[in-house]
1. Out of the residues in region 341-350 meeting the condition of being part of a loop (DSSP other than H, G, I, E, B) and surrounded by fewer than 22 Cβ atoms within 10 Å (Cβ to Cβ), tell me which one is farthest from the ligand (Cβ to nearest atom).
2. Say we look at region 172-186 and pick out the residues that are touching a strand residue (DSSP E or B) at 6+ places or on another chain (Cβ under 6 Å) and not aliphatic (A, V, I, L, M); which of these is nearest to Ala106 (Cα to Cα)?
3. Scan region 127-136 and give yes if some residue there is among the acidic types (Asp, Glu), within 16 Å of the ligand (Cβ to nearest atom), in contact (Cβ under 8 Å) with a residue 24 or more places away in the chain and closer than 29 Å to Phe45 by Cβ, otherwise no.
4. Which numbered condition trips up Thr86, out of (1) of a type outside the set (Gly, Ala, Ser); (2) in contact with a strand residue (DSSP E or B) (Cβ under 7 Å, 6 or more places away or on another chain); (3) under 16 Å from Asn38 (Cβ atoms)?
5. Of the residues Asn196, Asn192, which single one is away from the ligand (no atom under 16 Å from the Cβ) and within 24 Å of Tyr264 (Cα to Cα)?
6. Identify all residues within region 206-249 that are modelled with pLDDT of 80 or more, away from the ligand (no atom under 16 Å from the Cβ) and hydroxyl-bearing (Ser, Thr, Tyr); write none if there are none.
7. Taking the stated definitions as given, is Ala115 closer than 25 Å to Asn238 by Cβ, away from the ligand (no atom under 16 Å from the Cβ), in contact (Cβ under 8 Å) with a residue 12 or more places away in the chain and not assigned by TED's automatic domain parsing to the domain that holds Ile280?
8. With respect to Ser174, determine if the residue is in contact (Cβ under 8 Å) with a residue 60 or more places away in the chain and surrounded by fewer than 17 Cβ atoms within 10 Å (Cβ to Cβ).
Amino acid sequence: MENSKLTNVEYGEEKLFDEAKDFLPIKGTDYVELYVGNAKQSAHFYKTAFGFQSEAYAGPETGMRDRVSYVLRQDKIRLVLTTPLTAGHPINEHLALHGDGVKVIALWVDDATSAFEETTKRGAKSYLEPQREEDENGYVVRSGIHTYGDTVHIFVERGAYEGVFLPGFEKWESHYNPPETGLKYIDHMVGNVGWNEMNTWAEFYARVMGFAQLISFDDKDISTEYTALMSKVMSNGNGRIKFPINEPAKGKKKSQIEEFIDFYNGAGVQHIAVATNNIIETVSAMRDRGVEFLYVPGSYYDDLLDRVGEIEEDIEVLKEHGVLVDRDDEGYLLQLFTKPVLDRPTMFFEIIQRKGAKSFGKGNFKALFEAIEREQARRGNL
Ligand code: FE2
């Protein structure tokens, strides 16, 4: 079933794509902030299991009296984990509703004031008016807008800042520094939205942020015997930011997107895809450190070469680690998905290694979603 609004997005894309370079140039993902129930322990998990490094800290000791934030880094990926310290803090409401989850997808820009003005004048709802924050290391300007659910984008202008993260943060010195696992940068971040909301948010990214639609999947592309979903991938002008947007579609049983929406109580970030240059090494290290990955049946590999053609990797090794492969016109990609990393069946991670391919693993959707359904069934949510 093709979407009737697709042409609107294509029109928006056509009209706004060139303009994108002008009105919202984005240099990359600046940081991803999760609101969590216990930042100290979450930080330990991301260091131990994922190989993130201790980077910065803010809390009562640094003058931030109402909450703590731990900043972790691995190559270009920066995670911020924040927990409120008082019963009446508004972040508690977010935690009660959503559980642990992504609050902020921060985008690195040269001019956060212009980013705010250009997006709000196109209809974005203000979250944070441009504000200058400074300390002895210089200043940053940050501004922010709302996106789907309770999720927000913060624009970070840091050209005049030399501190470790943001004003108010200090270097986090830890005696516990497990090695990295080879994670390099954020490849894409996926949002799950409710029934009939995919086009609304695809259009939001086109109209308000000047993104273009890279690709669209309907429920024929993404369905199994039981469940279905639809997806559109939105990208900024230079391609550094890619946001697929999923919505549930009707199937015999409950879509994995519906399960997410039920437990997250609304739209939110479903997965963060992180890139590696060596997926086998990365996945082996993560598995040894306790990360749980989705199980793919051995039969997936029986006709793999017929489907994807020649690849450099040894199929037996891929099979041992449950790594999936897909090919498009430009090359192939290797990918693997963790189980949800939180108590609620909400957010998970994707590990991806691109060998030319610019797509998202369409050929793996069926095997992948069947694996997700097996987990859903075990939770009694299928
Ligand atoms: Fe993905």
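The values are calculated or read from the model by the stated rules, or taken from the named source; none is laboratory data. Worth saying up front: this structure is predicted, and the values here are computed from it rather than measured. All Cβ positions, even for glycine, are placed from backbone atoms using ideal geometry, and neighbour counts span all protein chains on display.
1. First, the residues of region 341-350 that are part of a loop (DSSP other than H, G, I, E, B): 341-347.
Imposing the further condition that a residue be surrounded by fewer than 22 Cβ atoms within 10 Å (Cβ to Cβ) reduces the set to 341-345.
Working: Val341: 15, Leu342: 17, Asp343: 22, Arg344: 19, Pro345: 17 Å.
Among those that are part of a loop (DSSP other than H, G, I, E, B) and surrounded by fewer than 22 Cβ atoms within 10 Å (Cβ to Cβ), it is Asp343.
2. Residues of region 172-186 that are touching a strand residue (DSSP E or B) at 6+ places or on another chain (Cβ under 6 Å), as a first pass: 172, 174, 180, 182-186.
So of that shortlist, the ones also not aliphatic (A, V, I, L, M) come out as 172, 174, 180, 182, 184-185.
Details: Trp172: 21, Ser174: 25, Glu180: 23, Gly182: 22, Lys184: 17, Tyr185: 14 Å.
Per the criteria, the residue is Tyr185.
3. So the first thing to find is which residues in region 127-136 are among the acidic types (Asp, Glu), and the list is 129, 133-136.
Remaining after also requiring within 16 Å of the ligand (Cβ to nearest atom): none.
So far as region 127-136 goes, no, none of its residues is among the acidic types (Asp, Glu), within 16 Å of the ligand (Cβ to nearest atom), in contact (Cβ under 8 Å) with a residue 24 or more places away in the chain and closer than 29 Å to Phe45 by Cβ.
4. Tallying (1) of a type outside the set (Gly, Ala, Ser); (2) in contact with a strand residue (DSSP E or B) (Cβ under 7 Å, 6 or more places away or on another chain); (3) under 16 Å from Asn38 (Cβ atoms), Thr86 fails exactly one: (2).
5. Numbers: Asn192 fails: away from the ligand (no atom under 16 Å from the Cβ).
Selected residue: Asn196, the only one of Asn196, Asn192 that is away from the ligand (no atom under 16 Å from the Cβ) and within 24 Å of Tyr264 (Cα to Cα).
6. Thr224
7. Details: closer than 25 Å to Asn238 by Cβ: yes; away from the ligand (no atom under 16 Å from the Cβ): yes; in contact (Cβ under 8 Å) with a residue 12 or more places away in the chain: yes; not assigned by TED's automatic domain parsing to the domain that holds Ile280: yes.
Criteria met by Ala115.
8. Values: in contact (Cβ under 8 Å) with a residue 60 or more places away in the chain: yes; surrounded by fewer than 17 Cβ atoms within 10 Å (Cβ to Cβ): yes.
Here the answer is yes, as Ser174 does meet what is asked.
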